[in-house]
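Enquirer: I'd like to ask some things about the structure below.
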Amino acid sequence: MKKIVIVILFLFVGNIKAQYFLMNGDKSFVGGAAGMTWIDGNPNYSLRFFPEFQFANFGFGLDLNLDWNSNGNIRTENFNEASDYISIIRFVRYGHKGDNVYARLGALDYATIGHGTIVGLYNNNTSFDSKKIGLEFDMDFNSFGFETIYGNFARAGLFAARGYTRPLQFTELKETPILGMLEAGVSIATDMNENAGILSATYYPEIDLLRPTNDKGSLTFLGLDLGLPLLRNDVIDLDLYTDFNKIINFGSGVAIGFMANFNGLGIFDIKAKIERQFNGDKYIPSYFNALYEVERFNLNKSTGVINSKAQKLESATDQSNGYYGELYGSALGLFKVLGSFQKLDRISNSGILHLRGQFAPASMMFVFNVGYDKINIGSFSDLFTTDEHSYLFTELGYKINPFLLASIVYHWNFSPIRDDLDNIIGYKPQKRIEPRISLIYPISF
């Protein structure tokens, strides 16, 4: 029997099913898995069922997870709110982001509006035990269009929209190279969650009541942007953009960046983005990011202390400019990797890392899927610690045959903390380790 040496890397992809986000693409398959799951050290038997069906522009995916202990009791956290039942339907999709018509209902793994300076890589499923149903809906009519995101249908949450126009498409200059595709956009984003704007509050443990003492209410962002394609040919597409964003009752910021897409004639694909940020006081770029649902609000019941992202926004004085970089690469079907990093110049613990990747060549017996989200990075050592600022996933597997995969999954996500009325008042880290056997059988229509 071959020995498999498992090397856990500290990386994350999103929710527990999302390890197939790069592997399967637009392919239909029936997938299921069985094994053991240690959740914060407690063993559970586990069954997974995660088929995806893709035909023409439509896609549909399920995500059913069952965990039960040695006494045969189903783990109640899997199904303790209405959205848990609905979220068995992982997604219903038409088209893809960037198409003329794109719609997705369900889990929003990494949603972005415009150039991502307000809403960038937003994830509405940061907790395995509290899944959310959201919506993305975009339409592009060539001369104008819109993008929208709604984070959570179960309760008030993030709503974002961007309308844009290519004004020269209405004139005789529409065929003019470069200038003909000049794009101007207007964005609005707001978080309507009741905890979104809390700066301070008093907690009364004897009656389990939190009373805000300084609450800004819904946070609303307004944005203006311009985009100009500088170069279009068979080898490279190059775009220049600039964004101006204002947070109502807070500060504002400007971003200027370039986006490039290198076409390697089918051998490789490289996409890159570099952005310089000019940030005013009480302003945070890409405020709604991958870990926003966890950062929004947290209450420590034992001490009565709250931590919220609105507090970070309020204290962002003597603010520093920053930069953002993003790189995607793939080659010959051997690997795919996407990484981004954001950092402010003079604030040491302001680093934000996002990384996803896959190594699954058809000719080899091993599969490696990894991903990572990390905020508050101040030093190199911070990259290798899992804490309340981390969200990771990794899977290393061995192909028993073309349809069976033996693998071990490591997933560091977040478990919701609830009050007596079952409202979520914060999150705490949760560690899941799962050795399992998966059946992934491709199908065609």
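The values are calculated or read from the model by the stated rules, or taken from the named source; none is laboratory data. It should be emphasised that the depicted structure is a prediction, and the values quoted were computed from it without experimental measurement. Every residue, glycine among them, receives a Cβ derived from its backbone with ideal geometry; neighbour counts consider all protein chains shown.
Enquirer: As an exercise: evaluate ALA310 against (1) under 15 Å from ILE198 (Cβ atoms); (2) assigned to a strand (DSSP E or B); (3) hydrophobic (A, V, I, L, M, F, W, C) and give the number of the one condition it does not meet.
Expert: Single failed check for ALA310: (2).
Enquirer: If you take just the strands (runs of 3 or more DSSP E) that sit entirely in the stretch 42-149, which of them hold at least 2 residues that are of a type in the set (Gly, Ala, Ser) and surrounded by fewer than 19 Cβ atoms within 10 Å (Cβ to Cβ)?
Expert: Ranges flagged: none.
Enquirer: Continuing with this model, one more query. On the given criteria, is VAL337 touching a residue at least 60 places away in the same chain (Cβ under 8 Å), in a strand (DSSP E or B) and of a type in the set (A, V, I, L, M)?
Expert: So VAL337 fails the test.
Enquirer: Is it true that LEU405 is without any contact (Cβ under 8 Å) to a residue 40 or more places away in the chain, part of a strand (DSSP E or B) and either more than 23 Å from the chain's Cα centre (by Cα) or on the phi < 0 side of the Ramachandran plot (or both)?
Expert: yes
Enquirer: Restricting the search to the stretch 172-195, which residues are part of a loop (DSSP other than H, G, I, E, B), of a type outside the set (S, T, N, Q) and more than 17 Å from ASP419 (Cα to Cα)?
Expert: PRO177, ILE178, LEU182, MET192
Enquirer: Here's something else I'd like to know. Here are THR242, THR202, THR220: which of them is loosely packed, with under 14 Cβ neighbours inside 10 Å and either outside any loop (DSSP other than H, G, I, E, B) or of a type in the set (Asp, Glu) (or both)?
Expert: So the residue among THR242, THR202, THR220 that is loosely packed, with under 14 Cβ neighbours inside 10 Å and either outside any loop (DSSP other than H, G, I, E, B) or of a type in the set (Asp, Glu) (or both) is THR202.
Enquirer: Return yes or no: is LEU168 within 29 Å of ASN65 (Cα to Cα) and either touching a residue at least 24 places away in the same chain (Cβ under 8 Å) or buried (at least 17 other Cβ atoms within 10 Å of the Cβ) (or both)?
Expert: Against the criterion (within 29 Å of ASN65 (Cα to Cα) and either touching a residue at least 24 places away in the same chain (Cβ under 8 Å) or buried (at least 17 other Cβ atoms within 10 Å of the Cβ) (or both)), LEU168 does not qualify.
Enquirer: What are the residues in the stretch 374-386 that are surrounded by 14 or more Cβ atoms within 10 Å (Cβ to Cβ) and closer than 27 Å to TYR398 by Cβ, if any?
Expert: THR386
Enquirer: Right, another one. Among the candidates ALA310, ALA360, single out the residue that is over 19 Å from the mean Cα position of the chain (by Cα) and within 24 Å of PHE262 (Cβ to Cβ).
Expert: Testing whether each residue is over 19 Å from the mean Cα position of the chain (by Cα) and within 24 Å of PHE262 (Cβ to Cβ) leaves just ALA360.
Enquirer: Just to verify a result, which residue in the stretch 264-276, among those that are in contact with an Asp or Glu (Cβ under 9 Å, 6 or more places away or on another chain) and surrounded by 15 or more Cβ atoms within 10 Å (Cβ to Cβ), is farthest from LEU338 (Cα to Cα)?
Expert: In this case the residue turns out to be GLU275.
Enquirer: Could you tell me how many of the residues in the stretch 228-286 are among the small types (Gly, Ala, Ser), under 25 Å from the mean Cα position of the chain (by Cα) and over 30 Å from GLY197 (Cβ atoms)?
Expert: 2
Enquirer: Let me ask something additional. Checking the conditions here, which among PHE368, PHE393 is at negative phi, assigned to a strand (DSSP E or B), surrounded by fewer than 21 Cβ atoms within 10 Å (Cβ to Cβ) and of a type in the set (Phe, Trp, Tyr)?
Expert: PHE368
Enquirer: Mind counting the residues in the stretch 340-356 that are out of contact with any Pro (no Cβ under 9 Å at 6 or more places or on another chain) and assigned to a strand (DSSP E or B)?
Expert: Matching residues across the stretch 340-356 total 9.
Enquirer: Would a scan of the stretch 423-445 turn up a residue that is part of a loop (DSSP other than H, G, I, E, B), in contact with a strand residue (DSSP E or B) (Cβ under 9 Å, 6 or more places away or on another chain) and either under 30 Å from LEU210 (Cβ atoms) or not small (Gly, Ala, Ser) (or both)?
Expert: yes
Enquirer: State whether one or more residues within the stretch 169-178 are touching a Pro at 6+ places or on another chain (Cβ under 8 Å) and farther than 15 Å from ILE86 by Cβ.
Expert: Yes: one or more hits.
Enquirer: Return the residues of the stretch 208-217 that are in a strand (DSSP E or B) and acidic (Asp, Glu); say none if nothing qualifies.
Expert: ASP215
Enquirer: Exactly one of these conditions fails for TYR122: (1) more than 21 Å from ILE88 (Cα to Cα); (2) within 27 Å of the chain's Cα centre (by Cα). Give me its number.
Expert: (1)
Enquirer: Filtering the stretch 223-235 down to residues that are part of a strand (DSSP E or B) and without any contact (Cβ under 8 Å) to a residue 60 or more places away in the chain, which residue is surrounded by the most Cβ atoms within 10 Å (Cβ to Cβ)?
Expert: That would be PRO229.
Enquirer: Does LEU291 satisfy being surrounded by 19 or more Cβ atoms within 10 Å (Cβ to Cβ) and without any contact (Cβ under 8 Å) to a residue 40 or more places away in the chain?
Expert: no
Enquirer: Only one residue in ARG232, ARG211 is basic (Lys, Arg), modelled with pLDDT under 95 and under 30 Å from SER200 (Cα atoms). Which one?
Expert: The match here is ARG211.
Enquirer: Then there's this: Within 23 Å of the chain's Cα centre (by Cα), surrounded by fewer than 17 Cβ atoms within 10 Å (Cβ to Cβ) and not basic (Lys, Arg): is that true of VAL186 in this structure?
Expert: Taking the combined requirement at face value, the residue satisfies it.
Enquirer: I would also like to ask the following. Quick check on this structure: which one of LYS301, LYS312, LYS374, LYS336 is over 30 Å from TRP38 (Cβ atoms) and of a type in the set (Lys, Arg)?
Expert: LYS312
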